[in-house]
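The values are calculated or read from the model by the stated rules, or taken from the named source; none is laboratory data. Quantities reported herein were computed from a predicted structural model and do not represent experimental measurements. Counting neighbours? That spans all protein chains shown, and the Cβs are built from the backbone with ideal geometry, glycine included. Just so you know, the surface numbers come from the protein's heavy atoms only, side chains and all, with ligands and any DNA or RNA stripped out. Shrake-Rupley method; radii C 1.70, N 1.55, O 1.52, S 1.80 Å.
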Amino acid sequence: MFKLAFRNIFRNRLRTALTLAAIIIGVVAIIITGGFVEDVFVQLRESTIHSRIGHAQIFRSGYLEYGRRDPSQYMITQPYEVANAVQSIAHVQTIMTRVNFSGLANNGRADLPIIGEGIEPGKEAQLGTATTLVAGRPLRVTDAFGAVIGEGVAAALHLRPGSFVTLMVNTPEGALNTFEYEVVGVFRTFSKEYDDRAVRIPLSAAQELLFTQSVHSAVVLLDDTSATDAVTAMIRTRLEPLGYAVKPWHELADFYQKTEALYRRQFGALQVIILVMLVLSIASTINMVVYERTGEFGTLLALGQRRRQIFKLILLENALLGLFGSLLGVVVGAALAGIISGIGISMPPPPGSNVGYTATILLVPWVLVAATLIGALAAVMAAVFPARRASRLPVVDALRHNI
């Protein structure tokens, strides 16, 4: 039956070519759209990680729940203990500590509420590969009273490299403290909201500003994003008994989670639409083929073939046709994805960002498998009702089609 089904496929080459074309187009559409969506996820993920979140962050237990009300009560008092416990874990590239603060930035004429961070400049440079410096230079370890500010802060206070800005904050004890810093650079991250309020100064300067030697968080940078969950589990094993909380990047990036969920559902709906369109387009061709072969089926039934064998024969023919079309579609889709990726797709900034990017088409194994299965499944589904009708033909009526 397999040999007979294979030979029947090529009996009417025009209609076979039309069916194959429909399957190929559907498979290519799934590969291109799926590869585009996966590229969006990868670029959004890496931009989120390398803007400022890192692959994982470590906090004192309770900081995420209650730290906004009283951050000084949930600080890491022994940051070197945390760093030593994490640094030896495989895939950990570096670990950096931060101090967070909020206050007012003053340029001598106006005030602006800001969110500030005390950072380790050398280590942060390894993390911030997705951060763009739009003016000036990066923050250095030697900049005892230097600051880099977000693009929105620079625009609001009319600051540029070489300008001076005064930061006013409340210390953990409740006192008001102020220091003047020289703006050495202006940066732009993936988040416009963050850029509109962000000021970054050296960690030592932030600790002096707040009169503390503690830090609020430790950020872990890995050499492989796919190892995040495994490394996070190991860090939790070591630090949670000591009173620390560990969060991977995807639990901290709320925007990424919602964007991924939205795109996943959209892509799933698109796959269903393509499947329905393929079934409808293939079904019309199969109906014509089955009608033209009515006499042939009547002859087979008259020679003793069982009706279920007729049904199986039609399904097998279309399953082979769907498989051939899907494999050809994968080849065409992969070639087209390579061409598009070589050219690149210029994309506007995503919501909440002011940075555009160049999209490509990623060839992801699960997308290729899904496209192949959808192409083959569409051909089989389209053949079910025509095959059922052909297998139930009255033998006498079917034989009349041979006259």
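The conditions of being open to solvent by less than 40 Å² (accessible area, probe 1.4 Å) and closer than 25 Å to Y63 by Cβ are met by G128.
Yes or no: the stretch 225-232 includes at least one residue that is at pLDDT below 90 and either under 30 Å from A319 (Cα atoms) or out of contact with any strand residue (DSSP E or B) (no Cβ under 7 Å at 6 or more places or on another chain) (or both). Checking the stretch 225-232: not a single residue is at pLDDT below 90 and either under 30 Å from A319 (Cα atoms) or out of contact with any strand residue (DSSP E or B) (no Cβ under 7 Å at 6 or more places or on another chain) (or both). Please work out which residue is farthest from L112 (Cα to Cα), limiting yourself to the stretch 160-181 and to residues that are aliphatic (A, V, I, L, M) and open to solvent by 20 Å² or more (accessible area, probe 1.4 Å). For the stretch 160-181, the residue satisfying everything is A175. Among the residues of the stretch 181-203, those that are charged (D, E, K, R) and closer than 24 Å to S214 by Cβ comprise R197, R200. Among the candidates A206, A218, which residue alone is touching an Asp or Glu at 6+ places or on another chain (Cβ under 9 Å) and buried (at least 20 other Cβ atoms within 10 Å of the Cβ)? None of the other options fit; the residue is A206.
Flag: I119 matches the condition of being under 29 Å from the mean Cα position of the chain (by Cα), more than 21 Å from E251 (Cβ to Cβ), open to solvent by less than 80 Å² (accessible area, probe 1.4 Å) and not small (G, A, S). Contact map, the stretch 261-280: residues that are under 18 Å from L368 (Cα atoms) paired with residues that are of a type in the set (S, T, N, Q), Cβ distance under 7 Å, separation 6+ or inter-chain. Pairs shown: F267/T33; L270/T33.
Conditions tested, residue by residue: (1) at pLDDT below 85; (2) farther than 30 Å from E151 by Cβ.
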| site | (1), (2) |
| --- | --- |
| E317 | yes, yes |
| V330 | no, yes |
| G352 | yes, no |
| V364 | no, yes |
| G375 | no, yes |
| V380 | no, yes |
| P386 | yes, yes |
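For beta carbons closer than 6 Å, sequence separation of 6+ or different chains, a first residue in the stretch 287-313 that is closer than 18 Å to F10 by Cα and modelled with pLDDT under 75 and a second that is in a helix (DSSP H, G or I) and among the acidic types (D, E), there are no qualifying pairs.
A single entry from G338, G375 fulfils the requirement of being touching a residue at least 40 places away in the same chain (Cβ under 8 Å), open to solvent by less than 50 Å² (accessible area, probe 1.4 Å), assigned to a helix (DSSP H, G or I) and not hydrophobic (A, V, I, L, M, F, W, C): G375.
Would you say Q213 is among the polar types (S, T, N, Q), in contact with a strand residue (DSSP E or B) (Cβ under 8 Å, 6 or more places away or on another chain) and open to solvent by 20 Å² or more (accessible area, probe 1.4 Å)? No; evaluated as a whole, the condition is false for this residue. Number of residues in the stretch 255-299 that are under 39 Å from the mean Cα position of the chain (by Cα), surrounded by fewer than 17 Cβ atoms within 10 Å (Cβ to Cβ) and farther than 30 Å from R52 by Cα: the value is 9.
V332 falls short on exactly one of the conditions (1) aliphatic (A, V, I, L, M); (2) open to solvent by 30 Å² or more (accessible area, probe 1.4 Å); (3) farther than 20 Å from G34 by Cα, and that condition is (3). Put simply, of V199, V184, V148 the only residue that is crowded, with 16+ Cβ neighbours inside 10 Å, touching a residue at least 60 places away in the same chain (Cβ under 8 Å) and under 35 Å from the mean Cα position of the chain (by Cα) is V199. Inside the stretch 378-392, residues that are open to solvent by 40 Å² or more (accessible area, probe 1.4 Å) and either in a loop (DSSP other than H, G, I, E, B) or among the hydroxyl-bearing types (S, T, Y) (or both) make up a count of 1. Restricting attention to the stretch 239-254, the residues that are over 14 Å from A218 (Cα atoms) and buried (at least 16 other Cβ atoms within 10 Å of the Cβ) total 2.
Quick check on I49: is it assigned to a loop (DSSP other than H, G, I, E, B), hydrophobic (A, V, I, L, M, F, W, C) and crowded, with 16+ Cβ neighbours inside 10 Å? Lay out the reasoning, then the answer.
Working: assigned to a loop (DSSP other than H, G, I, E, B): no; hydrophobic (A, V, I, L, M, F, W, C): yes; crowded, with 16+ Cβ neighbours inside 10 Å: yes.
So I49 fails the test.
Within the stretch 76-91, does at least one residue satisfy the condition of being farther than 21 Å from L222 by Cβ and either of a type outside the set (A, V, I, L, M) or surrounded by fewer than 21 Cβ atoms within 10 Å (Cβ to Cβ) (or both)? Before you say what the answer is, go through the steps one by one.
Pass one, the stretch 76-91, residues farther than 21 Å from L222 by Cβ: 77-78.
Filter once more, so that each one left must be either of a type outside the set (A, V, I, L, M) or surrounded by fewer than 21 Cβ atoms within 10 Å (Cβ to Cβ) (or both): 77-78.
Yes, some residue in the stretch 76-91 is farther than 21 Å from L222 by Cβ and either of a type outside the set (A, V, I, L, M) or surrounded by fewer than 21 Cβ atoms within 10 Å (Cβ to Cβ) (or both).
For the stretch 219-268, the tally of residues that are closer than 26 Å to F36 by Cβ and either part of a strand (DSSP E or B) or among the β-branched types (V, I, T) (or both) stands at 4. The residues of the stretch 341-363 that are in contact with a helix residue (DSSP H, G or I) (Cβ under 6 Å, 6 or more places away or on another chain) and either open to solvent by less than 20 Å² (accessible area, probe 1.4 Å) or in a helix (DSSP H, G or I) (or both), listed by number, are S353, A359, I361. Of all the numbered requirements in (1) closer than 25 Å to L222 by Cα; (2) part of a loop (DSSP other than H, G, I, E, B), V37 misses one, and that requirement is (2). Look at the stretch 1-39 and say how many of its residues are under 14 Å from Y263 (Cβ atoms) and either buried (at least 19 other Cβ atoms within 10 Å of the Cβ) or small (G, A, S) (or both). Qualifying residue count, the stretch 1-39: 6.
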